[in-house]
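Enquirer: Here it is: the structure, laid out below.
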Amino acid sequence: MKLTAFVLAAVLSVHGALDAKIKAKGKKYYGNIIDSNTINTAQVTNILNTEFGAVTPEYSMKWEATEPNQGQFTFANADAVANWASSRGKLLRGHTLLWHKQLPGWVSNIIDKSTLTQVIRDHINAVVGRYKGKVYAWDVVNEVLEDNGNFRNSVFYRVLGEDFVDLAFRTARAADPKAKLYINDYNLDYNGPKINATIALIKRLKARGTPIDGVGTQAHLIVGNLAPFDETLKRLASTGLDVAITELDIRIAKPVDAAKLAQQQKDYATVTRSCLTTPRCVGITIWGVSDRNSWVDGTFPDYDSPLLWDDDFREKSAYTGVDNALN
């Protein structure tokens, strides 16, 4: 027994294997993303195989990708991710069933309540049903609230009101009773109207008996601006739901320099420690392996370098921040 513990401690103290280290701390996974744009990139898949225990498809399970035309489903890319994960023993997070973006026009144009209700049911039944038993957790609804705490003016809310959230969760639960069901959003990392409204919504869902298991905080963060992160993560956990950090990246305002990279290392350590010290936090997903594939470049042109590996797949000091926190 003592020898086994000694060997385990020695293995976990070496550099690498973030997933093994976070599991040794009682968590479920340290994860990342993969999709058709990276699944054939050897540097990406080698790092995923070595370091991470869960994957999320970045694009291929979204509505636009899976049902571009009503009743016509395309699953080739999503299947590739699901098969990649299962063949390597990785957990799979499904992302995402209802989102106002990357939504086909035929859905956005629906104005009839009964039509949209049936369309949502058909879509969720088809997608969740296809991956029943293969997906550990689904982001059932994504970004349903504005930063001011009001419901987003999506087709779902315009036509169905708040009921669309309950409809989505209940349909997903029936389609795969064993999958964990999450509400997922960004800017839940700061105190204010959005996190307050999210917690209030979760309480209403639970009061109505709507099946919800988790809340995901995307954690698209900015270097040096993490002050309340640990506090807000624990506020989300106070709902009694599982909590996951679902899309972590920490971008740096240009120009990137040594001081900013050093702060990024500290910030990644802060996020990782916050999950470790929050009992209901089940795991962390980083939104990309290499800086070269990050969405940040196209969305925030004044920022750069948000991930743990640089454009040439070299480990950055940010990786050391995560590794040190786990050690």
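The values are calculated or read from the model by the stated rules, or taken from the named source; none is laboratory data. On a predicted model such as this, the values are computed, not experimentally measured, just so you know. Using ideal geometry, Cβ is built from the backbone for each residue, glycine included, and neighbour counts are taken over all protein chains shown. Ligands, DNA and RNA are excluded from the accessible area calculation, which covers all protein heavy atoms including side chains. Shrake-Rupley method; radii C 1.70, N 1.55, O 1.52, S 1.80 Å.
Enquirer: I want to check the label-to-label distance for ALA262 and GLN118. Put each point 7 Å from Cα in the C-beta direction and report it in nm to one decimal.
Expert: 6.4 nm
Enquirer: Hey, another quick one. Can you give the log10 of the normalised intensity I(q)/I(0) at q = 0.13, 0.20 Å⁻¹, computed with Debye over equal Cα scatterers of the range 78-235?
Expert: -0.64, -1.33
Enquirer: For the range 287-327, what class follows from the C-alpha gyration tensor (a ≥ b ≥ c being the square roots of its eigenvalues): rounded when a/c is under 1.5, otherwise prolate if a/b is larger than b/c, else oblate?
Expert: Since a/c reaches 1.5 and a/b is larger than b/c, the shape of the range 287-327 is classed as prolate.
Enquirer: Please list, ordered by chain and number, the residues whose modelled amide H lies under 5 Å from the amide H of GLU67; skip anything fewer than 5 residues away on the same chain.
Expert: Residues meeting the amide H criterion: THR74.
Enquirer: Hull surface divided by four, with the convex hull built on the Cα atoms of the range 172-327: how many nm²? The partial results should precede the final answer.
Expert: Values: hull surface 40.2 nm².
Mean shadow area of the hull around the Cα atoms is 10.1 nm².
Enquirer: Let me ask something else about it. Output needed: percent of Cα pairs per 5 Å distance bin for the range 262-305, bins running from 0 to the one holding the longest distance.
Expert: 5, 18, 19, 23, 18, 11, 5, 0
Enquirer: Could you please state how large a percent of the accessible area of the range 208-275 is carbon and sulfur, counting protein chains only and using a 1.4 Å probe? All intermediate terms of the calculation are to be shown ahead of the outcome.
Expert: Details: 1230 of 2260 Å².
Within the range 208-275, the accessible surface is 54 percent carbon and sulfur.
Enquirer: Given the protein chains as shown and a 1.4 Å probe, how many square angstrom of GLU162 are accessible, to the nearest 10?
Expert: Accessible area, nearest 10 Å²: 40 Å².
Enquirer: Could you work out which residue, out of TRP63, TRP99, TRP295, moves most in a Gaussian network model of the chain, that is, has the largest mean-square fluctuation with Cα springs under 10 Å?
Expert: Judging by the Gaussian network model, the answer is TRP295.
Enquirer: If you put +1 on each Lys and Arg Cβ and -1 on each Asp and Glu Cβ, how big is the dipole of the chain around its Cα centre, in Debye rounded to 20?
Expert: Once rounded to the nearest 20, the dipole reads 1340 debye.
Enquirer: For TYR157, TYR190, give me the order by solvent-accessible area with a 1.4 Å probe, most accessible first, ignoring ligands, DNA and RNA.
Expert: Descending accessible area places them as TYR157, TYR190.
Enquirer: Once ligands and nucleic acids are excluded and a 1.4 Å probe is used, how much of LYS206 is accessible, expressed in Å² to the nearest 10?
Expert: LYS206 exposes around 90 Å² with every protein chain in place.
Enquirer: Further question: At 1.4 Å probe size, with every protein chain present, just tell me what the per residue accessible area of the range 256-327 comes to in Å².
Expert: 40 Å²
Enquirer: Keeping every protein chain in place, order LEU167, LEU48 by accessible area at 1.4 Å, biggest value first, i.e. largest first.
Expert: From most accessible down to least: LEU167, LEU48.
Enquirer: I would also like to ask the following. Binned at 10 Å from 0, what are the whole-percent values of the Cα-Cα distance distribution for the range 52-104, short to long?
Expert: Pair shares across the bins are 27, 50, 21, 3.
Enquirer: Most fluctuating residue of ASP112, ASP147, ASP304 in a GNM of the chain with Cα springs under 10 Å: which is it?
Expert: Highest fluctuation among the options: ASP112.
Enquirer: For the chain, state the semi-axes of the equivalent ellipsoid (square roots of 5 times the eigenvalues of the alpha-carbon gyration tensor), sorted largest first and rounded to whole angstrom. Mind dumping the intermediate values first?
Expert: Numbers: eigenvalues 201, 93, 84 Å².
Equivalent ellipsoid semi-axes, largest first: 32, 22, 20 Å.
Enquirer: I would also like to ask the following. Give the accessible area for SER108 in Å² (nearest 10); use a 1.4 Å probe, count only protein heavy atoms, and leave out ligands, DNA and RNA.
Expert: 50 Å²
Enquirer: For the range 59-132 and the range 257-305, what is the separation of their Cα centres, given in Å?
Expert: 27 Å
Enquirer: OK, next. Taking only Cα atoms and a 10 Å spring cutoff, compute GNM fluctuations for the chain and point out the largest among THR198, THR38, THR246.
Expert: Its mean-square fluctuation being the largest, the pick is THR38.
Enquirer: While we're looking at this one, here's another question. Taking only the C-alpha atoms, wrap a convex hull around the range 21-85 and report its volume per residue in Å³ as a whole number. Please report the intermediate quantities before stating the final value.
Expert: Details: hull volume 5.4 nm³, N = 65.
Per-residue hull volume (Cα only) is 83 Å³.
Enquirer: Give me the one-decimal Kirkwood hydrodynamic radius in Å for the range 35-159, with the sum taken over alpha-carbon pairs.
Expert: Final number for the Kirkwood radius of the range 35-159 is 15.6 Å.
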